[in-house]
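What follows is a set of notes on a single structure, which appears directly below.
Here, each number is a calculation from the coordinates, and none is a lab measurement. Nothing here was measured: the structure is a model prediction, and the numbers come from that model. Because the Cβ atoms are built from the backbone with ideal geometry, glycine has one as well, and the counts that use them run over all protein chains shown.
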Amino acid sequence: MEKTVEKGGTKIQLTEKINWVAGDEIAIASTSYNGREADRKRIKSIDRTDPNKPIITLDAPLEFRHYAEDYKPSPTENPNDFISMRAEVGVLSRNVVYRGDPSDSLKDEYGAAIFMHSPGDDSLTFRAADVEFRNVG
C-alpha cells in the first residue's frame, strides 16, 4: 500500500501495477502486533489514472487500520537508509500458479520446491487446492 488507511476507510492506493478487476477478493495484511487484524474485502472499482499506483475502492469499510510508511532511522548520513513498512495486499479470488524457471527447469530436471515446517512436533498438514504447478520437477 502507498499510504496508511485508517479503520473505516474504503479506498486503498497500491504501489505497483495490478491486473485485478472489480469483483476480485483481496486480503490486506495486518500491520499491528495482532496478526489477526487483516481485512478481507471485494474490489468495487479501480481508478487507474496512475497505472503504477492504482486506487482501489472496496465494497465495505476496513475493520482495521493498515500502516504504510517509510521509516527513516535518525540520525542517518545516507538518505537511502530507510525501511519500507507497508501492508501487503494480495488477490484471493484467482487460482495460484507455482512455477519454476521455464528457461531451464526442463533441461535441469528441477524447478521449484515448497518447504513447510512444523514447530518441531510433526503436527503440520499441508493442503493445496486450485494450485497449478508448472516446471517444478
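About the Cα centre of the chain, how large is the charge dipole given +1 on each Lys and Arg Cβ and -1 on each Asp and Glu Cβ? Please answer in debye to the nearest 20.
For the chain, the charge dipole is close to 560 debye.
Residue 41: which lysines have alpha carbons under 24 Å from its alpha carbon, excluding same-chain residues fewer than 8 sequence positions away?
3, 7, 11, 17, 53
Just to confirm a number: summing +1 for Lys and Arg and -1 for Asp and Glu over residues other than residue 62 whose beta-carbon lies under 9 angstrom from that of residue 62, what do you get?
Taking every other residue near residue 62 into account, the sum is 0.
What number, in percent, do you get for the relative contact order of the chain if the mean sequence gap of Cα pairs under 8 Å and at least 6 apart is divided by its residue count?
Reported as a whole number, the value is 24 percent.
Is the stretch 11-91 best put as rounded, prolate or oblate by its Cα gyration tensor, with a ≥ b ≥ c the root eigenvalues, rounded for a/c under 1.5, and otherwise prolate when a/b is larger than b/c, oblate when not?
oblate
Normalised by the number of residues in the stretch 28-73, what is the relative contact order in percent for Cα pairs under 8 Å and 6+ residues apart?
Result for the stretch 28-73 is 35 percent.
When the helices in the chain are scored as -39500 (n - 2.57) per DSSP H run of 4 or longer and the sum is shared across all residues, what 222 nm value do you end up with, to the nearest 500 deg cm²/dmol?
The helix-only estimate for the chain comes to -500 deg cm²/dmol at 222 nm.
Can you compute the charge dipole magnitude of the stretch 74-137 about its Cα centre, using +1 on each Lys and Arg Cβ and -1 on each Asp and Glu Cβ, nothing else charged? Give it in debye, rounded to the nearest 20.
Computed charge dipole of the stretch 74-137: roughly 320 debye.
Multiply the residue separation of residue 49 and residue 84 by 0.36 nm, subtract the distance between their alpha-carbon atoms, and state the gained length in nm to one decimal.
Length difference between fully extended and current span is 10.2 nm.
Can you list residues whose amide H is under 5 Å from residue 9's amide H, if they're 5+ apart or on another chain and H is modeled 1.01 Å from N?
Answer set, sorted by chain and number: 62.
Placing one identical point scatterer on every Cα of the chain and ignoring solvent, what is log10 I(q)/I(0) from the Debye formula at q = 0.11, 0.12, 0.16, 0.17 Å⁻¹?
-0.61, -0.71, -1.03, -1.06
Per-residue counts of other Cβ atoms within 10 Å, averaged by peptide: what ranking do you get for 45-55, 119-129, highest first?
Answer by packing, highest mean first, reads 45-55, 119-129.
Taking only the C-alpha atoms, wrap a convex hull around the stretch 95-137 and report its volume per residue in Å³ as a whole number.
Spelled out: Cα convex hull of the stretch 95-137, divided by residues, is 78 Å³.
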